[in-house]
Amino acid sequence: MENKKPVRRTPPKRRRNLKKKKNGMKFMWILVVALICVIGVLVVRLFNNQDVETPPHIDLPGQEEDQLQEQQTPVTPEETPEQPEIPQEPIPQIPEQPEPTPEVPSEKVEYVDASDPTIYPVVANVTVIDTQAPYTMLVNPWNKLPEGYEPDIITRSDGHKVHATAAEPLQKMLNDAWAEGLKPIVCSSFRTETKQKNLFANEVNSYIRSGYTRENAITEAAKWVANPGTSEHQTGLAVDIVSLNYQVLDKKQEDTPEQKWLMENSYKYGFILRYPSNKSDITGIYYEPWHYRYVGVELAEEVYTSGLCLEEVLALKLNPPEEDGGETAVSDLL
Ligand SMILES: [Zn+2]
């Protein structure tokens, strides 16, 4: 391999010229590229400006204020596109709704017709609604509350709701008991018809789970939880009171000092033990040594001193025994 050094070498002057030429070419290219960029930017701007300029035509019929605002705030591409009209996207929210199916309980509870005399013996077919003393009203399986009955209800400081008429006597009774070192508390009070329905349905279902037929379950449940419309709790005049130290609703409740005191003293405040142990066949409800009903002091005293239940006392009031005849048994009146 031979060297060709002399041929390849160019004179220094020529080299300089070549360098100059090369530099010139580079500069030209840079200029061209820069020009293209500038033109590109201008074109983009032009297009943008055209877009921007069109919307203001809509505002022409507007007032001067609008025009002033436009002058003050330069129209930028962000503001002009009519964004408020675009958000028509709430469609995906609609298909989210068809979910609340799991709430459908398999409740097939049929409520007992309280007027059916085959369920309970008809012992007190009396409805006393004294307009002078509406708190004496009789509510039991045979005396349903009128549809849409809405008592005058107030809320106590413990959150329980009671009839306005019974609120003060109840508080006084509780205060006096606490003053004696006892601790009675309200555990149940006013119930809406809906709540009563749910309570009854739960009771029926628990009987069915225990092996009762539906028919028997309904009959048994009604002896513990009143049918909707036949519960005194829907009047706001009834409260369940328990001992703070024993809050179970069973027969042992009667052994607490609180219940002993209430059974002896509640009538002074206008309350009666509504479902005594020996009157279930008349009241239609089993013994409840916690359920107190406000009937006013006068009637409460009559119930307490006579040893009769509310149905019996009201029956006597409606059909007072003849003075001459002397001894008319209460059972004859019922
Ligand atoms: Zn009760």
> When you look at Lys183, is it away from the ligand (no atom under 16 Å from the Cβ), surrounded by 13 or more Cβ atoms within 10 Å (Cβ to Cβ), closer than 30 Å to Ala217 by Cα and not β-branched (Val, Ile, Thr), yes or no?
Replying inline: no
>> I'm trying to understand the selection: among the residues of segment 236-248, which are among the β-branched types (Val, Ile, Thr) and away from the ligand (no atom under 11 Å from the Cβ)?
In response: Val248
> Of the residues that make up segment 132-148, is at least one of a type in the set (D, E, K, R), more than 15 Å from the ligand (Cβ to nearest atom) and either farther than 27 Å from Ala315 by Cβ or over 29 Å from the mean Cα position of the chain (by Cα) (or both)?
Replying inline: no
>> Can you say whether Lys197 is in a helix (DSSP H, G or I) and either over 19 Å from Tyr294 (Cβ atoms) or within 16 Å of the ligand (Cβ to nearest atom) (or both), as far as the supplied structure shows?
In response: yes
>> Could you go through segment 204-224 and let me know if any residue there is surrounded by 20 or more Cβ atoms within 10 Å (Cβ to Cβ) and without any contact (Cβ under 8 Å) to a residue 40 or more places away in the chain.
In response: yes
> Within segment 287-309, is even one residue surrounded by fewer than 20 Cβ atoms within 10 Å (Cβ to Cβ), within 24 Å of Glu193 (Cβ to Cβ), among the hydrophobic types (A, V, I, L, M, F, W, C) and under 34 Å from the mean Cα position of the chain (by Cα)?
Replying inline: no
>> Against the definition (surrounded by fewer than 18 Cβ atoms within 10 Å (Cβ to Cβ), within 15 Å of the ligand (Cβ to nearest atom) and β-branched (Val, Ile, Thr)), how does Thr230 come out, yes or no?
In response: no
> If you go through segment 152-165 one residue at a time, do you hit one that is part of a helix (DSSP H, G or I) and either under 20 Å from His291 (Cα atoms) or more than 16 Å from the ligand (Cβ to nearest atom) (or both)?
Replying inline: yes
>> On the basis of being more than 12 Å from the ligand (Cβ to nearest atom) and assigned to a strand (DSSP E or B), does Ile282 make the cut?
In response: no
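Readers should treat all values here as calculations from the given coordinates under stated rules, not as data from a laboratory. Note that the coordinates shown come from a computational prediction; the quantities given were computed from them, not determined experimentally. Here the Cβ is made from the backbone with ideal geometry for all residues, glycine too, and neighbour counts use every protein chain on show.
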